[in-house]
Amino acid sequence: MSPDRRGHLRRDRFRRSGLAARTWPLTLGLVAALTWSGGSAPAGAGPSGTGLKGAIDTILADSRMDGGAASVVVADAATGERLYERDAGDRLMPASNTKLATSAAAMALLGPGYRFRTEVLATGRRHGPVLHGDLYLRGGGDPTTLASDYGRLATRLRESGIRRITGRLVADDTRFDTRRLGRSWAADDESSYYSAQISPLTVAPDTDYDSGTVVVEASPGAAPGDRPKVKLTPPNDYVRVDVQGGTVPAGGTDTLAVEREHGTNTIVVTGDVPVGGPTTKEWVTVWEPTGYAAAVFADALAEQGVRVTGTPRLGRPAPPGARVLATHSSMPLRELMLPFMKLSNNMHAEALTKTIGYETSGRGTWSAGLTAVDDYLRKEGVDTAKLRQADGSGLSRMNLFPGDQLARLLLAVRDAPWYADWHASLPVACDPDRAVGGTLRTRMCGTPAALNARAKTGTLTGASALSGYVADAAGRELVFSIVLNNHLASSVKSIEDAIVVTLARSDTAGGTIAASLSPGPRNGHRPAPVDLECTWRKPDVC
């Protein structure tokens, strides 16, 4: 099962967690610190050797990794020299570390200034305030389009003097193919916002830009027996809410749940909520985001007094020669990279993958996009014959990356002209600002890695990863990639953190290694629910 969508999502306060670590100094010669480049002991095995090798081996010997697998690489960022390797060539599920490849390829192939365009077009004749013919809403793949953006498009039509369209509103989503979900995405994630359908026409309900979703807020009624009150953001009639839950006396158990029925846009609210209890807030995917966008735009037209005679029609291209009446342009890619990477937005990754395909080959498909990403990676020295990328986000369990190839990519991009913008998009350890710290903002606090390490997180059930950059105690910049798989513990994040903190505490060139141990198993060896990435919990509790 991919990320558990339930996860007790109702708390909305941030939590700060420090690293409960023990440290000890290990001093050794320069040669031992720099020249070791091997290691094939399995994850969970005891440490071997001393210095950096011994320190990281000890961390990976944590009992939570018994029976698990680890692919770990540490390298000098300036020279590429390998300082530590553990099964560096083993292919493991990278989860959202897949976004490192997608985001770098997007910056290189689309360019940091790339903008998505959403257009309103027409071919019919205009007589005064009446447009004879159909009105086309053409999507360019923008995963950040808000209801207010569709509202501005409608305003521009009204300001141009148009008051009535005799034909239909036609939603042109032909820039991408009609395949909405990625390969091997879990069926039980269908209504979870991190697994939304992909269309070049969609709606994001808020400035986290969770495209293809609607925010559902269910709050208790005034008295026991009342139905819960439900609010949708943005307001729309595209989805239907079936309230089956009830309000129970104050102090009762809150069991309220919100989920969309398979293959429909019926959102079912079940369970009980006590009088005076908290509001349950869920981000729920829609079925067919093209229709969602068309419905939101149609509502915006009506609000502006622009009447469309026919009902919306989906999936038809605007005819050649159609004239553009209004345009919305997205933020440039360099800015979009921030919500994409900081918040690990899956739908951004997939929209970019299909856009890469469209812009490089004229085909807005996963296949075309991933082929272009593969070509880019090979040009950067990544051996793509040793990995498999099945989607843009890492949600697919078919993705397989060795730590070695992720480290190669991190080294290769450092001389790219867009590197500064890309590097700035990586989450920053223990920075409390959600727009800066992102999915790392509660991790490695109170250590030399805080406000130092920049890295991409990754989480699926039984798969965890952290890859990025950190400066050691002497200011030497290091690249690291840590990919951990097949663990039964609910989380192995503190193992990743202990490795990065060790790097930040140590003088790796001078040979003084200040190792950090991760806390012991939180749940023994019992299988437990997966720990999601921070922003894969809604409302955000990290």
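The values are calculated or read from the model by the stated rules, or taken from the named source; none is laboratory data. Quick caveat: nothing in here was measured; it's all calculated off a predicted structure. We place every Cβ from the backbone using ideal geometry, glycine too, and count neighbours over all the protein chains shown.
Figure legend. Inter-residue proximity from segment 325-351: first residues farther than 20 Å from P427 by Cβ, second residues of a type in the set (K, R) and surrounded by fewer than 18 Cβ atoms within 10 Å (Cβ to Cβ), beta-carbon distance below 6 Å, spacing 6+ or different chains. Indicated pairs: A326/R156; T327/R117; S329/R115; S329/R117; S330/R115; P332/R115. Candidates in segment 294-329 are the residues that are farther than 16 Å from A122 by Cα and within 31 Å of the chain's Cα centre (by Cα); of these, the one that is surrounded by the most Cβ atoms within 10 Å (Cβ to Cβ) is V296.
Conditions (1) part of a loop (DSSP other than H, G, I, E, B); (2) modelled with pLDDT under 95; (3) of a type outside the set (D, E, K, R), marked per residue:
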site: T118; (1), (2), (3): no, no, yes
site: L137; (1), (2), (3): no, no, yes
site: D142; (1), (2), (3): yes, no, no
site: S148; (1), (2), (3): no, no, yes
site: G167; (1), (2), (3): yes, yes, yes
site: V170; (1), (2), (3): no, no, yes
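Among residues of segment 107-124 that are surrounded by 19 or more Cβ atoms within 10 Å (Cβ to Cβ), none has a beta-carbon under 6 Å from a residue that is modelled with pLDDT under 95 and not aliphatic (A, V, I, L, M) at least six positions away or on a different chain. Across segment 242-267, the number of residues qualifying as surrounded by fewer than 19 Cβ atoms within 10 Å (Cβ to Cβ) and either out of contact with any strand residue (DSSP E or B) (no Cβ under 9 Å at 6 or more places or on another chain) or aliphatic (A, V, I, L, M) (or both) comes to 5.
With respect to the conditions (1) assigned to a strand (DSSP E or B); (2) surrounded by fewer than 19 Cβ atoms within 10 Å (Cβ to Cβ), R158 falls short on a single one, namely (1). Before we move on, is T355 assigned by TED's automatic domain parsing to the domain that holds R441, free of Cβ contacts under 8 Å to residues at least 60 places away in the same chain, touching a Gly at 6+ places or on another chain (Cβ under 8 Å) and in a helix (DSSP H, G or I)? Considered against the rule, which asks whether it is assigned by TED's automatic domain parsing to the domain that holds R441, free of Cβ contacts under 8 Å to residues at least 60 places away in the same chain, touching a Gly at 6+ places or on another chain (Cβ under 8 Å) and in a helix (DSSP H, G or I), T355 comes out as no. Considered as a group, the residues in segment 457-490 that are polar (S, T, N, Q) and modelled with pLDDT of 95 or more include one that is surrounded by the fewest Cβ atoms within 10 Å (Cβ to Cβ), and that residue is N486.
At least 1 residues being within 30 Å of G113 (Cα to Cα) and at pLDDT 95 or above is the threshold, and among the strands (runs of 3 or more DSSP E) wholly inside segment 249-332 those reaching it are 280-285, 323-329. Any idea which of (1) touching a Ser or Thr at 6+ places or on another chain (Cβ under 6 Å); (2) assigned by TED's automatic domain parsing to the domain that holds D404; (3) not charged (D, E, K, R) is the one V72 doesn't satisfy? So the condition that V72 fails would be (1).
Quick one: how many residues across segment 61-106 are buried (at least 23 other Cβ atoms within 10 Å of the Cβ), charged (D, E, K, R) and part of a strand (DSSP E or B)? Qualifying residue count, segment 61-106: 1. Listed conditions (1) in contact with a Leu (Cβ under 6 Å, 6 or more places away or on another chain); (2) in contact (Cβ under 8 Å) with a residue 40 or more places away in the chain are all met by E496, apart from (2).
If you go through segment 396-429 and keep only what is within 17 Å of I499 (Cβ to Cβ), assigned to a loop (DSSP other than H, G, I, E, B) and among the small types (G, A, S), you end up with just A429.
Of the conditions (1) on the phi < 0 side of the Ramachandran plot; (2) within 17 Å of the chain's Cα centre (by Cα); (3) small (G, A, S), G221 fails just one. Which one is it? Tallying (1) on the phi < 0 side of the Ramachandran plot; (2) within 17 Å of the chain's Cα centre (by Cα); (3) small (G, A, S), G221 fails exactly one: (2).
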